[in-house]
1. Quickly run through the range 122-142 and pick out the residues that are crowded, with 16+ Cβ neighbours inside 10 Å, in a helix (DSSP H, G or I) and not aromatic (Phe, Trp, Tyr).
2. Anything in the range 23-37 that is part of a helix (DSSP H, G or I) and within 15 Å of Leu77 (Cβ to Cβ)? List them, or say none.
3. When the residues of the range 213-228 are narrowed to those that are closer than 21 Å to Arg167 by Cβ and open to solvent by 80 Å² or more (accessible area, probe 1.4 Å), which ends up modelled with the lowest pLDDT?
4. Looking at (1) open to solvent by 10 Å² or more (accessible area, probe 1.4 Å); (2) under 18 Å from Leu209 (Cβ atoms); (3) in a helix (DSSP H, G or I), find the lone condition where Asp119 falls short.
5. For the range 14-32, which residues satisfy the criterion of being over 16 Å from Val83 (Cα atoms) and either in contact with a Phe, Trp or Tyr (Cβ under 9 Å, 6 or more places away or on another chain) or among the basic types (Lys, Arg) (or both)?
6. Answer yes or no as to whether Arg44 is in contact with an Asp or Glu (Cβ under 6 Å, 6 or more places away or on another chain) and either over 18 Å from Thr184 (Cα atoms) or of a type in the set (Lys, Arg) (or both).
7. Looking at Ala81 and the list (1) of a type in the set (A, V, I, L, M); (2) assigned to a helix (DSSP H, G or I); (3) more than 15 Å from Ser12 (Cα to Cα), which single condition is not satisfied?
Amino acid sequence: LITDTSRDQEESRIVAIWLQRLRSCLPEEQLPLFHQALKQVGIRASDLEGEAHCSQSQLDQVLRLVRHEIPDVTLRLFARAEVLDLGLIGYAAINSGNLGKALEVMYAYHSLASDRYIDQLEVFAHEAVVYPTALPGHVDDYQNIVEDSLGGNWRSMQILLGDAADRRRIHLHFDYPAPAYVDTYLEIFGPNCHFEQERSELRFPSAWLDISINRSGGGLAQLFTAMC
């Protein structure tokens with residue numbers, strides 16, 4: 001029986017993991033900013049270590065506070081992320097067999113990892129397109145949602161596909177002007193970044209969806225998906 005309590009526990013565990021990942025990607029001199037943000041939203045260091053009492057809204061607030069001083073922190077956070085940071089979702093994705101099935105699992109249970117947006121996938125003959133849709137109450141934070149979504153999706157593809165994820169074959173479209181930290185975009189996504197476009201999206205070869213996942217365990221996918 002999956003209860004509201006067990007769902008809250010899994011969400012809290014994922015948030016704590018993300019906050020630990022955020023802490024690890026900050027240089028020593030910027031750690032006081034991180035700890036100040038935690039204190040401001042009511043999270044104690046023991047909450048991170050125990051992976052308890054952490055909410056998605058608190059994670060959103062911490063990132064917003066840190067971004068005031070480090071505008072590209074979301075991109076840098078996802079550049080260091082691991083699929084297993086997503087908890088049960090990550091285990092289900094890695095054991096899904098191919099990239100298409102992994103993305104299907106990740107998008108179906110995305111609410112366990114974020115309360116700000118959903119990801120959507122469109123598949124055409126030779127190209128697949130991923131784009132985020134902001135949920136009510138988060139439309140004003142759309143640029144950061146795009147960085148979260150497209151940065152996270154690209155990092156996941158790199159982990160799940162290994163060398164097959166060639167960044168020369170992806171194209172990123174952004175529906176806003178290039179920010180002051182555009183060099184971070186180019187560092188993470190490669191040169192095919194196009195700003196002031198009609199929609200923010202990640203385009204990649206649709207053939208990638210059928211590529212087998214590096215570390216897939218096959219039969220475990222249904223178990224972890226059922227747990228999600």
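1. Listed by number, the list holds a single entry, Asp141.
2. Arg23, Ser24, Gln30, Leu31, Leu33, Phe34, Ala37
3. Among those that are closer than 21 Å to Arg167 by Cβ and open to solvent by 80 Å² or more (accessible area, probe 1.4 Å), it is Arg215.
4. (3)
5. Arg23, Leu26
6. In short, no.
7. The failed condition is (2).
Residues checked against (1) in contact with a Phe, Trp or Tyr (Cβ under 6 Å, 6 or more places away or on another chain); (2) within 21 Å of Arg7 (Cβ to Cβ); (3) at pLDDT below 95:
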| position | (1), (2), (3) |
| --- | --- |
| Leu63 | no, no, yes |
| Leu77 | no, no, yes |
| Gly100 | no, no, no |
| Val105 | no, yes, yes |
| Tyr109 | no, yes, yes |
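The values are calculated or read from the model by the stated rules, or taken from the named source; none is laboratory data. In this text, all values refer to a predicted model and were calculated from it rather than measured experimentally. Every residue, glycine among them, receives a Cβ derived from its backbone with ideal geometry; neighbour counts consider all protein chains shown. Ligands, DNA and RNA are stripped out before the accessible areas are found, and what is left, the full protein with its side chains, is counted by its heavy atoms. Shrake-Rupley method; radii C 1.70, N 1.55, O 1.52, S 1.80 Å.
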